[in-house]
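The values are calculated or read from the model by the stated rules, or taken from the named source; none is laboratory data. Everything numeric in this text was worked out from a predicted model, so none of it was measured. Every residue, glycine as well, gets a Cβ built from its backbone with ideal geometry; the counts of neighbours run over all protein chains shown. For accessibility, only protein heavy atoms count, side chains too; no ligands or nucleic acids. Shrake-Rupley method; radii C 1.70, N 1.55, O 1.52, S 1.80 Å.
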Amino acid sequence: MHSPEEYRAEIDRLRKTTRDLVAMTTLPAVWGDLPPEGVIDSLAGVLLSTLDLDLVGIHLPGQGQTEPLERIRLRRDDTGSMLSAARAALDAAMQSADLQDADAPLQFGTARFGIGSELGVVLIGARRAGFPSEHERLLLGVAANQAAAILQRRLAERALARSESRFQDLADAAPAMLWVTEPDGKLSFLSRAWHEFTAQDRGTSLAFGWTAAVHPDERDAALHAVVDANARRVPFSMEHRLRHAVDGYRWVIATGQPRFAANGDFLGFVGNVLDISDRKRTEQALHETRDTLVTMFDALPVGVAVAGQDGKLLLSNQAMHRYLPTGVLPSLDEERYLRWTAFDADGRPLARRDFAGARAARGERVVPGIEARYLGDDGVEIWTQVAAVPLKGRDDVTRGHVAIVTDIDAFKRTEAALRLAESRQRELFDEVARANRNLSEFLAVLAHELRNPLAPLMTGLELLRVGPRDPAVATNVRDMMERQVRQLAHLIDDLLDIARVTNGKVEIRKTRVDLNAIVTNAVETSLPLIDKHRHALDLQLHAAPLPVQADATRIAQVIGNLLTNAAKYTPPGGALSLRVTQDGAHAVVTVSDNGVGIPAASLESVFEMFSQVGSNRQHAQGGLGIGLSLVRQLVDLHGGAVSAHSEGIGKGSTFVVRLALDAAPAAPAPLDEIAAQDTPAAPALRILVTDDNVDAAVTLSMLLEMEGHAVTVAHDGRQALQMAAQCLPDVVFLDIGLPDMSGHDVARGLRQIAGLERCTIVAVSGWGAQEDLARSSAAGFDAHFTKPVDSSRVLDYLAVVAASMRST
């Protein structure tokens with residue numbers, strides 16, 4: 001229990017706190033029109049006396065052309081050592097150094113305040129323990145903020161005064177437009193400045209012609225002002241817009257004084273016109289700046305309040321009224337409490353007793369504060385940060401607290417967006433890293449798959465070089481080498497296909513076809529691999545035709561890849577199934593196996609590029625791991641869908657392809673373009689083979705000579721043109737990448753040689769993309785073969801050329 005004297009002392013302390021706060025808030029009225037030097041001198045004196053200090057130091061940073069200001073005031077007469085200590089402490093405070101030293105006889109407190117983009121410093125010092133107290137810090141902070149507002153305004157006024165002074169000097173130096181009127185009010189003289197300004201000539205501007213240069217909206221008013229002043233013979237002044245020779249209308253001020261003769265007779269008026277457009281713009285800018293500052297101060301999101309232990313507000317600013325319009329803390333106001341949801345540092349909701357104000361009322365400092373959501377009167381919920389500091393007396397008993405509410409809604413939203421962006425960035429990084437891993441593994445697989453056929457090819461070449469005695473051995477070696485070369489060509493075709501599809505350069509040629517027929521062709525192509533692994537294939541075609549709009553070659557490639565995949569990942573002697581069914585408006589192809597299966601987590605990734613790498617690699621029987629990626633992309637290009645299903649490792653896999661049925665009626669079957677018939681042996685042809693790869697040119701020429709053709713070989717472009725002019729070939733096989741000139745240029749040159757107008761020119765190149773074929777056609781090639789070229793294709797093509805020559 002407290003004695004009456006203690007209660008009275010407590011009441012006196014609270015009253016003193018309130019009086020001091022009120023006194024601090026009235027300082028701007030006391031300072032009146034004091035300059036900045038007077039403001040900081042007055043502030044130092046008020047703090048020195050109000051807080052019973054030993055010293056006060058204030059440093060005001062320079063602003064533009066304004067020099068820094070500094071004031072140090074001491075309480076004691078012994079100023080020598082005290083002044084040195086004060087200056088050292090003020091220098092340290094400006095460097096944000098820690099001034100607290102419990103063993104020092106002189107204790108310091110500081111406060112910073114904003115002056116434009118700079119910070120001012122207020123330093124206070126006293127010879128007493130526990131200095132500065134919370135009460136003294138509060139008063140120091142309030143006084144510093146009051147000074148900041150006044151100093152900001154004073155410095156702005158000083159800058160404005162300097163600006164207006166400079167403007168006035170310029171205006172005084174500018175030539176004025178002078179004019180004179182007669183007693184009847186008609187203009188009789190205008191200076192040169194008028195004519196230069198308005199571009200009016202003297203003849204049209206005199207009398208009342210000058211009004212033509214006045215803005216139409218103010219013309220009548222200007223004329224009335226002159227006529228009225230002339231009638232009453234009194235001075236006048238008016239502002240209006242005047243047409244400028246090159247700058248549209250500009251604001252001017254026209255003033256006039258009556259003229260009188262010595263005998264008092266009225267002689268008319270004399271006056272001048274000054275361009276005040278700059279002043280008008282300055283005034284408008286000042287108005288806009290003032291409006292902007294008012295709006296900024298009104299929109300400040302920081303609310304500040306001083307509350308007593310009863311939870312009622314003693315002092316608060318306008319911003320705090322937004323949060324506490326009833327003047328009572330939310331911990332004591334049920335309606336306001338329901339609008340707040342406070343959280344601890346881990347994001348858990350806080351009970352009412354753990355709100356910042358309630359904790360400060362118990363003597364706890366809640367700094368920097370707790371985060372809380374506040375539901376405004378407009379129904380919008382925002383994030384805030386609420387800090388609170390207890391106000392204690394000399395007996396360390398809490399008498400109230402100071403609360404600060406800051407709107408951090410934008411920060412919280414940005415923080416959430418950054419967290420989301422960071423998460424997405426991590427996902428993207430993981431995806432890129434996974435792609436890089438897959439690519440590295442794919443390159444290793446590619447090297448392995450390319451080496452596999454090269455080893456038997458080298459062995460076969462050695463056997464042929466030695467010359468086996470048994471012809472059957474040579475035949476077997478040639479068959480083996482042919483298989484290995486076809487395997488290499490297949491690998492290269494897969495790479496080219498996936499590159500074309502991925503880059504959107506594959507051409508899909510859709511026609512109305514029966515899906516059953518496509519599946520049958522695909523099965524025939526895949527049977528050798530299936531038989532090799534001793535798999536049993538259960539093929540079930542749909543009973544009726546299933547017409548679809550599709551590229552038969554590409555869909556056969558899709559089915560073939562799925563069968564190949566099933567054969568590779570099923571142990572020898574496995575069971576494969578291929579069913580063609582109809583599901584409503586869709587045709588469905590289902591390929592199943594009882595092989596190694598697919599983990600649930602990998603069901604979607606199996607369609608990614610190189611997905612074979614790193615998973616079940618030991619079960620694969622060769623290949624690059626791009627087949628399923630090619631399947632999905634080709635099905636997508638047909639507007640279809642493909643999906644993978646598996647019950648897990650060792651339980652087999654099922655792949656389902658869905659394609660839309662073609663509902664249009666079937667078109668009549670086209671007649672065969674060329675009826676099958678016996679063709680007599682093709683005549684021998686004159687052929688020019690041009691390739692800078694000597695081995696490639698020689699082997700092709702040997703093949704052609706074995707077929708009875710007359711072959712000439714060249715190894716560069718110029719040699720090819722020379723030989724062509726001599727032998728006039730029927731067919732030219734021409735490499736595109738020659739050492740001396742492009743194969744396209746050689747083709748154009750061949751077309752210019754007399755006698756080669758009907759020559760057939762065939763491009764032979766390792767480049768086989770759609771644009772490569774288009775460039776060859778534009779250069780005059782009749783056909784484009786992509787290396788490695790199948791010898792049967794060459795011979796079949798030559799048979800067609802020979803037949804065409806025979807028919808003509």
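What the table shows:
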{"quantity": "Per-pair calculated FRET efficiency, R0 = 30 Å: R413 and S277 via Cβ, rounded to 0.05", "calculated": "0.10"}
{"quantity": "Accessible area in the full protein assembly, largest first, 1.4 Å probe, for F429, F260, F269", "calculated": "F429, F260, F269"}
{"quantity": "19 Å reach of a label modelled at D740, 7 Å along Cα-to-Cβ, counting backbone N of the stretch 703-717", "calculated": "712-717"}
{"quantity": "By accessible area with a 1.4 Å probe, ligands and nucleic acids excluded, highest first: order of M94, M238", "calculated": "M94, M238"}
{"quantity": "Calculated FRET efficiency for the pair L315/L223, C-beta based, R₀ 60 Å, to 0.05", "calculated": "0.50"}
{"quantity": "Principal axis dimensions, the stretch 673-808 - Cα atoms, whole angstrom, descending", "calculated": "44, 34, 29"}
{"quantity": "21 Å Cα-Cα threshold exceeded, pairs from K532/K568; K312/K392; K568/K651", "calculated": "none"}
{"quantity": "W767 versus T211: modelled label distance in nm, points set 7 Å from Cα along the beta carbon direction", "calculated": "8.2 nm"}
{"quantity": "Pair L703, Q726: separation of 7 Å Cα→Cβ label points (nm)", "calculated": "2.6 nm"}
{"quantity": "Amide N proximity, the stretch 544-579 versus A517 label position 7 Å along Cα-to-Cβ, cut-off under 13 Å", "calculated": "545-553"}
{"quantity": "Potential lengthening between A585 and I649 on full extension [0.36 nm per residue; Cα-Cα distance subtracted]", "calculated": "19.7 nm"}
{"quantity": "Distance in nm between pseudo-label sites at A641 and T26 (7 Å out along the Cβ direction from Cα)", "calculated": "8.0 nm"}
{"quantity": "Length released on extending from D470 to L338, taking residue separation times 0.36 nm less the Cα-Cα span", "calculated": "37.4 nm"}
{"quantity": "Rounded to the nearest 10 Å², the accessible area of T786 at probe 1.4 Å", "calculated": "40 Å²"}
{"quantity": "Length-normalised contact order of the stretch 197-265 in % [C-alpha pairs under 8 Å, at least 6 apart]", "calculated": "29 percent"}
{"quantity": "Those aspartates and glutamates that a straight Cα-Cα span of less than 19 Å connects to K16, excepting residues fewer than 8 apart in one chain", "calculated": "E5, E6, D52, E134, E136, D310, D395, D396"}
{"quantity": "Accessible surface ranking that places the most exposed of K312, K412, K186 first, with a 1.4 angstrom probe", "calculated": "K312, K186, K412"}
{"quantity": "Net length gained if the chain between R158 and A684 were fully extended (0.36 nm per residue, minus Cα distance)", "calculated": "178.8 nm"}
{"quantity": "Mean separation of Cα contacts under 8 Å (6+ apart) over length of the stretch 261-413, as relative contact order %", "calculated": "20 percent"}
{"quantity": "Ellipsoid semi-axes in whole angstrom, largest first, where each is sqrt(5λ) of the Cα gyration tensor of the stretch 679-742", "calculated": "22, 13, 8"}
{"quantity": "Fraction of the pair-distance distribution of the stretch 251-395 above 20 Å, Cα-Cα pairs, percent", "calculated": "63 percent"}
